Amino acid sequence: MPASSRVIELMKRMGVREKIGQTVVLNENDLRNVKDIAAHFALFPVGGVFVGSEVIKDAVDGRAEVAARTRELAGACPGAPLVFASDMENGCGSMVKGLTPFPHPMALGAAGSEKLAYDYGRYTALESRSVGVQWTFSPVADLNVNFRNPVTSVRSVGDDPGLAGPLLSSVVRGMQDNGLAACAKHFPGDGMDYRDQHLTTTVNHLSKDDWLKMHGGVFKRLIDEGVYSIMTGHIALPAFQAESRGGRFLPATLSRELSTALLKQQLGFSGVIVSDALIMGGFIKWFERTQALIECFKAGTDMLLWPDLSYFDAMEKALDSGEVPVSRLDDAVARVLTMKEKLGMLSAGYKAHRPISADESAGAGALAREVAEKSLTLLRDRRGFLPVSPADAGKVLLAAITPDDKAFERFAALKSALEARGCAVDVRRNPWFSEIDRVAGGYDLIVYALERTPHRPMGPLNFWGGEAAGIWSALASGSEKSVVVSFGSPYFCAEYFDAADVFVNAYSPVPAAQEAFVRALFGEAGFAGKSPVRLDLK
């Protein structure tokens, strides 16, 4: 797509270093110790800044802090306006305190509603813009085909492109119709390998034909429907690659065959390619650090996520020597500025911050509850145990099984929802079977609440240590009055709990999902969801 006259004129007024800066997204955390932001931006005139928490971490800053910081940084940046990005994968509340956490995207897959998906994108946009964020590194377009994949899991909507394509398209429309640039990730598709690209380069091993039907089909649909940006992963796709280094195929972030030949040329993507974080193990082990950044740009990346600032000088040298053609830089800058233009950022009077009304905030909360309720999936109820009458559940044992301390703390929402219905609730973490044997007779209902989501903590999405011991002992006594619910990975029914008579998938540990489960447990709502992934594990 040719650049507009406004973009062309803006580029004519830019110096080389300013153009280089448009290809950089910094992490706001790296600016916190900078005393003179304006002077820093004069030397390093970057195009974007990442704010809020990373998707692999919990929210730290509140909405007021993020809104104030985006205003401060925007006001200190000369030239083309900064675009502010964040990982708003399941709404905004997991990245910014005080905003709304939505159930994880796999809940959208279980609910199967394009209207809910559109509203998921819309309310993400409204809350994002209220703190000055105009670009989200979402939706996750990966298909979670391998149940052992440690990166995607509930961050994916499912494993079926026929389900994922329409839902993700609706999410993207909801975002971009409301002033938030969407970013489909992680091209060429995570969810296939059992390894983690944060640690090593992973591989999508599909054949050409299968890839074009699966991950390629999803990305192509989003491209055709106008997604503004796509994030490349530290993932190889050997079916489309001939170039290797040391006997290994390069990841998309370093591969011209994938980023330029496949994504831009064959699939026709004319938007912005942004790399995944360039501090990840799947990237940093290929070249010397600064050279790796140049190779990433040469491969076809338009914006580099969290490069070292040595990139500025190195890119100037690469342009002077001819290693990087000026045309490659101009193409990247034109793509970046065109995205900013689509967002209205190049227009006079543009306001990055949009106040969110009380009704809109309430709508975001209502959406979270509706997605949670309509996604709940009853996989098994062999004896017709559900629903339970509150009168028959006077004393409840809540057995929490999770390696994540903060997730365990969040089970307070589940406890509160049970207590609100008159239950007396005891919470135990990873109870051993002798403990269950000793106490089971004193409870009317036992709820095993499982939580295991990507990177909390980093590693395979399995249970080990105390959590494994808790599963070992689960159902040893009181199985006839036990209900098992997963607020994370949907695969635990087959991995660990094939003996459970009652098993529910809730897909997310956010409060809305915990409260929805309690409503369904007591018959106040139904179980409307359908599993968006295959569960006959092999």
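The values are calculated or read from the model by the stated rules, or taken from the named source; none is laboratory data. Source: prediction; values computed, not measured. All Cβ positions, glycine included, derive from the backbone under ideal geometry; neighbour counts span all protein chains shown. Please note that ligands, DNA and RNA were not included when accessible areas were found on the heavy atoms of the full protein model with its side chains. Shrake-Rupley method; radii C 1.70, N 1.55, O 1.52, S 1.80 Å.
Here is how the numbers come out for the structure above:
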read-out: Pairs where the first residue, in the range 363-383, is within 23 Å of PHE497 (Cβ to Cβ) and modelled with pLDDT of 95 or more and the second is of a type in the set (Ser, Thr, Tyr) and part of a loop (DSSP other than H, G, I, E, B), C-beta under 9 Å, 6+ apart; value: ALA372/TYR507; ALA372/SER508; SER375/TYR507; SER375/SER508; LEU376/TYR507; THR377/TYR507; THR377/SER531; LEU379/SER531
read-out: Single unsatisfied condition, VAL324 versus (1) hydrophobic (A, V, I, L, M, F, W, C); (2) open to solvent by less than 30 Å² (accessible area, probe 1.4 Å); (3) free of Cβ contacts under 8 Å to residues at least 24 places away in the same chain; value: (3)
read-out: Candidate set from the range 42-56 (those that are at pLDDT 85 or above and hydrophobic (A, V, I, L, M, F, W, C)); member that is nearest to ALA76 (Cα to Cα); value: ALA42
read-out: Single unsatisfied condition, LYS115 versus (1) of a type outside the set (A, V, I, L, M); (2) open to solvent by less than 10 Å² (accessible area, probe 1.4 Å); (3) farther than 24 Å from THR301 by Cα; (4) in a helix (DSSP H, G or I); value: (2)
read-out: Filtered residues of the range 483-498 (kept if polar (S, T, N, Q) and without any contact (Cβ under 8 Å) to a residue 40 or more places away in the chain); value: SER486
read-out: Tally, over the range 91-112, of residues that are open to solvent by less than 10 Å² (accessible area, probe 1.4 Å) and in a loop (DSSP other than H, G, I, E, B); value: 5
read-out: Near pairs, Cβ below 7 angstrom, 6+ apart or cross-chain, from the range 81-95 (of a type outside the set (Phe, Trp, Tyr)) to any residue that is open to solvent by 10 Å² or more (accessible area, probe 1.4 Å) and assigned to a strand (DSSP E or B); value: ASN90/PRO101; GLY91/PRO101; GLY93/PRO101; SER94/PRO101
read-out: Only one of GLY174, GLY158, GLY165 that is part of a loop (DSSP other than H, G, I, E, B) and open to solvent by less than 10 Å² (accessible area, probe 1.4 Å); value: GLY158
read-out: Which numbered condition VAL7 misses (of (1) in contact with a helix residue (DSSP H, G or I) (Cβ under 9 Å, 6 or more places away or on another chain); (2) at pLDDT 95 or above; (3) outside any helix (DSSP H, G or I)); value: (3)
read-out: Residue list for the range 261-292, restricted to those being more than 24 Å from the chain's Cα centre (by Cα) and either of a type in the set (A, V, I, L, M, F, W, C) or part of a helix (DSSP H, G or I) (or both); value: ALA261, GLN265, GLN266, TRP286, PHE287, ARG289, THR290, GLN291, ALA292
read-out: Selection within the range 60-75 - of a type in the set (Gly, Ala, Ser) and either open to solvent by less than 20 Å² (accessible area, probe 1.4 Å) or touching a residue at least 40 places away in the same chain (Cβ under 8 Å) (or both); value: GLY62, ALA67, ALA74
read-out: Residue among LEU258, LEU304, LEU293, LEU278 that is open to solvent by less than 10 Å² (accessible area, probe 1.4 Å) and within 19 Å of VAL203 (Cβ to Cβ); value: LEU258
